[in-house]
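The structure under discussion appears below in the form of structure tokens.
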Amino acid sequence: MTDVQAPSQPDVMPICGDDYPLTEKQQKLMALARQLGREKFAPRAAQLDRDAQFPFANYDDMRDSGLLALCVPEAHGGQGADYATYAMVSAEIGRYCGATALTFNMHVCTMLWSGLLSEDLEMTPEQRASHRQHQATHFARVVKDAAIYAQPFSEGGAAASGAQPFGTIAVKVDGGWKINGKKIFASLSDAADYFGVLCTEKKEGADLSRRDTLYLAIPRTAPGLTIEGDWDPLGMRATVSRNLIFKDVFVPDDAALMPQGLYFQAASRWPHMFMTLSPTYMGIAQAAYDFTLAYLRGEIPGTGPVKRRQFATKQIAVAEMFIKLEQTRNLFLRAIEDAKVDPSKSTRLRAYAAQYTIMENAQDIARLAIRTCGGQSMLKSLPLERLYRDARCGSLMLPWTAELCMDRIGREALYEPGEKDE
Ligand SMILES: Cc1cc2nc3c(=O)[nH]c(=O)nc-3n(C[C@H](O)[C@H](O)[C@H](O)COP(=O)(O)OP(=O)(O)OC[C@H]3O[C@@H](n4cnc5c(N)ncnc54)[C@H](O)[C@@H]3O)c2cc1C
């Protein structure tokens, strides 16, 4: 395990507030993320956004400091971070570069799902034994070779929302799987060494079923895999999320990130696994608020020394932003503490509410920040307009888009499992 060094320079307030109980390990990891974010990621963010280029240098820094192995268990040489620690570290990174935090999510959570989360799932002894071997392969790639994993699930149809089986198909062949299909919006498409793909096992004579979802790591170099399409979006431009085409791609059995059938169990029993994109946007919300305070105080380099804080309208706007930020932060902290297997109904509904609140409030806080700071604040020379564009992307992320969170809350609040109207 790389020993994480706490930074020596004066710090800014952690994303959880300065009065939240953190373990020593959490303090160190979050301080490290903040230091990398402030000193390295923030200065690079504007150019990467402008050019829609992947943040390779940020990943080098995360590799060198041990953060790439954040959720690899300590026994395998990683930092052994749990869900809440991941979420807070990711939010710290999101304050400085949204695209780095969002892609970090895809990489780190592949290890979290395949590692810590899968420990809670029911497996046969044979499944557990082969999962242990496969885990060791994936963890070693990250720890020893600094391999980067992506999570391309979306296909443009109803599968990523959980409404249908994935249209990317895997057929069992000798020693592994043959895969055909297409994924869209594959963040890290320029950078990942492995794509953690969800696909449906095609069983002889049977219809495709979500229960037969497989979670397989396909190497970037696999014959039959092509990466295609332009990437020129509104926000989160440095995620470089292009399309993947699989044509008779073979992967060996040890490509499995979870045993057969286990992804369906995880999605049903560990709902917080779908909340892992939200820390990025918690970080963006904090960044928009921090910028506003500094701007109104005349502290943003190149915009001072004019102070704008003396106007009552500005003070009210800051109060409005602070209230939204605190509502967001507190739901975020509660939901990441809640995350566990088989949560109660109220815990599950709170997770949807947290995801909705973080994604919607991040863009609202960024909107208020621009309105409050004024015209000069949205110039491309300042980070606020990027925060505003990046924030817009959060509520579009499947399977828990803002709409789908509302849909689930409404339905699950009104109907108990199995209940129907005539
Ligand atoms: C910057 C960025 C990076 C991304 N990176 C990744 C990635 O790495 N991996 C990945 O898998 N995906 C990624 N995505 C894709 C993302 O998760 C969504 O799949 C994508 O935004 C959906 O776009 P769409 O137009 O196909 O949505 P559609 O499927 O057309 O849905 C449009 C809207 O309809 C609603 N909707 C969809 N299905 C249902 C339903 N069954 N019931 C009710 N309402 C529904 C949702 O609110 C959704 O937002 C990324 C997206 C962005 C913007």
| Is there any pair with a first residue in region 214-235 that is more than 29 Å from Q363 (Cβ to Cβ) and a second that is at pLDDT below 95 and in a loop (DSSP other than H, G, I, E, B) whose Cβ atoms are under 8 Å apart and which are 6 or more apart or on different chains, and what are they? | L214/Q260; I227/D190
| message | Can you say whether Q260 is outside any loop (DSSP other than H, G, I, E, B) and farther than 19 Å from M111 by Cβ, as far as the supplied structure shows? | response | no
| request: Would you be able to say whether some residue in region 22-36 is within 25 Å of L398 (Cα to Cα) and either modelled with pLDDT of 95 or more or more than 16 Å from the ligand (Cβ to nearest atom) (or both)? | output: no
| In the list L244, L225, L208, which residue meets the criterion of being within 14 Å of the ligand (Cβ to nearest atom) and not assigned by TED's automatic domain parsing to the domain that holds D120? | L244
| message | Considering only residues that are in contact with an Asp or Glu (Cβ under 7 Å, 6 or more places away or on another chain), surrounded by 16 or more Cβ atoms within 10 Å (Cβ to Cβ) and more than 19 Å from A147 (Cα to Cα), which ones fall in region 220-237? | response | G235, M236, R237
| field | Criterion (more than 16 Å from the ligand (Cβ to nearest atom), in contact (Cβ under 8 Å) with a residue 12 or more places away in the chain and either among the aliphatic types (A, V, I, L, M) or not assigned by TED's automatic domain parsing to the domain that holds G115 (or both)) met by exactly one of C71, C16 | value | C16
| query | Which ones in region 375-417 are within 16 Å of the ligand (Cβ to nearest atom) and among the charged types (D, E, K, R)? | reply | R386, R389, D390, R392, E403, D407, R408, R411, E412
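Is it the case that some residue within region 275-282 is aromatic (F, W, Y), outside the structural domain of I323 (by TED's automatic domain parsing), within 16 Å of the ligand (Cβ to nearest atom) and touching a Ser or Thr at 6+ places or on another chain (Cβ under 9 Å)? So that I can check it myself, show each step before the final result.
Of the residues in region 275-282, the ones aromatic (F, W, Y) are 281.
Pick out the ones that are also outside the structural domain of I323 (by TED's automatic domain parsing) and you get none.
Taking every residue of region 275-282 in turn, none turns out to be aromatic (F, W, Y), outside the structural domain of I323 (by TED's automatic domain parsing), within 16 Å of the ligand (Cβ to nearest atom) and touching a Ser or Thr at 6+ places or on another chain (Cβ under 9 Å).
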| Residues (surrounded by 12 or more Cβ atoms within 10 Å (Cβ to Cβ) and part of a loop (DSSP other than H, G, I, E, B)) located in region 372-422 | G374, L382, P383, C393, M397, L398, P399, W400, T401
| request: Please verify whether region 141-151 includes one or more residues that are within 17 Å of D253 (Cβ to Cβ), away from the ligand (no atom under 16 Å from the Cβ) and touching a strand residue (DSSP E or B) at 6+ places or on another chain (Cβ under 6 Å). | output: no
| query | Does V171 qualify as being over 18 Å from V108 (Cβ atoms), in contact with a Lys or Arg (Cβ under 7 Å, 6 or more places away or on another chain), more than 8 Å from the ligand (Cβ to nearest atom) and without any contact (Cβ under 8 Å) to a residue 60 or more places away in the chain? | reply | yes
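So how many residues does region 301-318 have that are part of a loop (DSSP other than H, G, I, E, B) and either at positive phi or modelled with pLDDT of 85 or more (or both)?
Applying the first criterion (part of a loop (DSSP other than H, G, I, E, B)) to region 301-318 yields 301-311.
Filter once more, so that each one left must be either at positive phi or modelled with pLDDT of 85 or more (or both): 301-302, 308-311.
The total comes to 6.
The values are calculated or read from the model by the stated rules, or taken from the named source; none is laboratory data. The structure displayed is predicted, hence computed values, not measured ones. Glycine also receives a Cβ, built like all others from the backbone with ideal geometry; neighbour counts cover every protein chain displayed.
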